[in-house]
1. Within region 42-58, which residues are surrounded by 15 or more Cβ atoms within 10 Å (Cβ to Cβ) and more than 15 Å from residue 98 (Cα to Cα)?
2. What's the total number of residues in region 102-117 that are without any contact (Cβ under 8 Å) to a residue 40 or more places away in the chain and touching a Pro at 6+ places or on another chain (Cβ under 6 Å)?
3. Could you list, in sequence order, all residues of region 59-101 that are at negative phi and touching a residue at least 60 places away in the same chain (Cβ under 8 Å)?
4. Checking the structure you have, find out if any residue of region 64-71 is under 26 Å from residue 137 (Cα atoms), at pLDDT 85 or above, out of contact with any Gly (no Cβ under 7 Å at 6 or more places or on another chain) and surrounded by 18 or more Cβ atoms within 10 Å (Cβ to Cβ).
5. Considering only residues that are part of a loop (DSSP other than H, G, I, E, B) and of a type in the set (A, V, I, L, M, F, W, C), look in region 87-101 and name the one that is nearest to residue 37 (Cα to Cα).
6. Going through region 119-142 one residue at a time, which ones are crowded, with 17+ Cβ neighbours inside 10 Å and at pLDDT below 80?
Amino acid sequence: MAMGIVRRQFISALGGAAATWPLAASAKTLLPVIGYLAAGTLEASAAWLAAVRAGLAESGFVEGKQFTSEFRSANNVADRLPRLAAELVQRRVAIIVTLGNVAAARAAKAATAEIPIVFTFGVDPVQAGLVASLNHPGGNVTGMSTLNLDIGSKHVALLRELLPAAKRFAVLVKIENPEAARPTITSAQAALTFGIQTEVVFASDARALLGKVSQTFHGA
């Protein structure tokens, strides 16, 4: 299980699955399909999609010649993910690439135990229930994780250097993001060691976050 969201490593994982596909183009059969499952919008995942396509092209997999693509996006409504994942399975895609938070990967895993699944996010895949272990993931799920969830103390230390007189910090958490709890806890614990009060602010979107921060610090 590779650590770090590195573009070439991501493409290598995807290319490894693609290498097992039948040579459909020469056999004049339907081309294999890459299924993309996005927790958010496809627009928000545009940079990732462009990188995947570019990397596959570098490896000799050209869209329209060696494979085609199917896209499903939940548009930030998590309840849609199981249905969208099931649609990709019914479409008989060759591989599912999940984009966004861990919810998309969980939905894909629940939908199939056979189709390879590639994920990218910043959460421990073992703790998330996606793989058995980092050394021996097992099953049909693999991917890239930054595993940066325990660096809350470093974040606080950097803020302390920038704002040595500060006595109160806020930790902003998107309420639909299930992997946000652990870094929130580590940041809050680290802040206490510096004598800094931490306010944890939960909200559903950027506007709500800003409003709650204003209420927290200004009483407005």
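The values are calculated or read from the model by the stated rules, or taken from the named source; none is laboratory data. All values derive from a computational prediction rather than experimental measurement. Here Cβ is always computed from backbone atoms with ideal geometry, including for glycine, and neighbour counts include all displayed protein chains.
1. Selection gives 55, 56.
2. Total meeting the criteria: 0.
3. Result: 78, 93, 94, 95, 96, 97, 98, 99, 101.
4. Looking through region 64-71, none of the residues is under 26 Å from residue 137 (Cα atoms), at pLDDT 85 or above, out of contact with any Gly (no Cβ under 7 Å at 6 or more places or on another chain) and surrounded by 18 or more Cβ atoms within 10 Å (Cβ to Cβ).
5. 93
6. Correct list: 120, 121, 123, 124, 125, 128.
Conditions (1) modelled with pLDDT of 90 or more; (2) hydrophobic (A, V, I, L, M, F, W, C), marked per residue:
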| residue | (1), (2) |
| --- | --- |
| 10 | no, yes |
| 13 | no, yes |
| 31 | no, yes |
| 60 | no, no |
| 80 | yes, no |
| 97 | yes, yes |
| 101 | no, no |
| 110 | yes, yes |
